[in-house]
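Worksheet: one structure, shown below.
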Amino acid sequence: MTATAIAFDGHRLPVAPRNPGRRALINAGYVWVLHKRVLLRVLAAVLCCVAIVGVYEVRGKIQDFYIAAETVAQNKVADAGFAVNEISIGGQSITQEAEIVKALAIEPHMSTVDFDADAARQRIETLPAIASATVRKIYPGHIVVSVTERVPVARWRVDGSTFVVDKDGNQIGENGGAYGDLPLVIGDGAADDAQAMIHALARFDDLKKGIAALSRIGDRRWDIIYATGLRVQLPETGVAQALNELEMFEKNYQLLERDVTVIDLRVPSMMALLPSKDAIAQLALLNKKKPVHHGKGDAEYGTAN
């Protein structure tokens, strides 16, 4: 073969036809090769956003379907003989049965299979007077509740209302008149410290008779208020010693029966008395009638028995 060479003029060579589509495809190929990882990540993010939006749009329908299916299932189980048809409650005296039933949260057509006993127990134990509770399911349709209530130790009067409180000062219910034998404490902070004061008085039988209330003063100390109107002012510290002294005077002189309105024991080893107005008048009259004894010189001394 022989090659033939032809002389040509560069200005006369034909121009290649323009093809925008082909050029764009070539450019896209270059971008894909150079930025493949970035493009894949962007594509994944877009697909994820689309999926989230789709789920958000149909969530209501899915939830409605789930609720409907659950309701149908519960009804089927209930119709099969597992519907809750009996509730037994025991151990309560302060807490109303209606409060416990409400805490059980049993809905119409609920079955014992679907009833959450542990969740119900936790709700019951949030009631003020409940210390602990047990909730059992007895198939086919019986719920048994047993509660242990907090032990009331005193009645606490505050802001015109009277509550029953336990040893820690927790309010466990309003006083409905069934706890009149419990000590009555009044004043700010009285509920928190009631147990200590009640315990201090426990061994003084003579002093406990006729107590109307124990009054907390400034959340620092106590006054004993008797039904006669007598007020015994106790010190901040050394309460046991003050009560011992008061008991001794009661045994020897029946001090609590005397016509006095205040017995002040706030100063250690000293007792101050405030007689009633009638007692003051009687004492003044007795002092006027007492004879006067003359001693040496011109001094006069009055004696009182």
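Since every read-out is calculated from the coordinates, none of them should be taken as a lab result. What you see is a predicted model, and the numbers here were worked out from it, not measured in a lab. Note that we place each Cβ from the backbone using ideal geometry, even for glycine, and neighbour counts take in every protein chain shown.
Basic side chains Lys and Arg get +1 at the Cβ, acidic Asp and Glu get -1 at the Cβ, and with that the dipole of the range 154-289 about its Cα centre reaches some 560 debye. A dipole drawn for the range 154-289 from +1 and -1 charges on Cβ atoms has a positive end, and of G229, N252, F163 the residue lying farthest that way is N252. Ratio of Rg to Rh for the range 82-149: 0.94 [Cα atoms; Kirkwood radius as inverse mean 1/r over pairs]. A crude spin-label estimate for the pair T261 and Q171, with each label 7 Å from Cα along the Cβ direction, gives 3.3 nm.
Just the number, please: Stokes-Einstein D of the range 199-239 in µm²/s, Kirkwood Rh from C-alpha pairs, 10 °C, 1.306 mPa s. Diffusion coefficient, whole number: 148 µm²/s. With 21 Å as the limit on Cα-Cα distance, the pairs of K209/K251; K208/K251; K209/K277 that go past it are K209/K277. Computing FRET efficiency as 1/(1 + (r/R0)^6) for H199 and A279, where r is the C-beta to C-beta distance and R0 is 25 Å, gives about 0.15.
Along its principal axes, the range 118-187 has C-alpha extents of 51, 20, 19 angstrom, given from the largest down.
Here the range 154-289 was treated as a single set of alpha-carbon atoms; its pair distances binned every 5 Å from 0 give 2, 10, 18, 21, 18, 13, 9, 5, 2, 1, 1, 0 percent. The HN-Hα couplings worked out from phi for the range 97-114 by the Karplus form 6.51 cos²θ - 1.76 cosθ + 1.60 (θ = phi - 60°) are 4, 4, 5, 5, 4, 4, 5, 5, 6, 8, 9, x, 6, 6, 9, 5, 5, 8 Hz, whole numbers, x standing for Gly and Pro.
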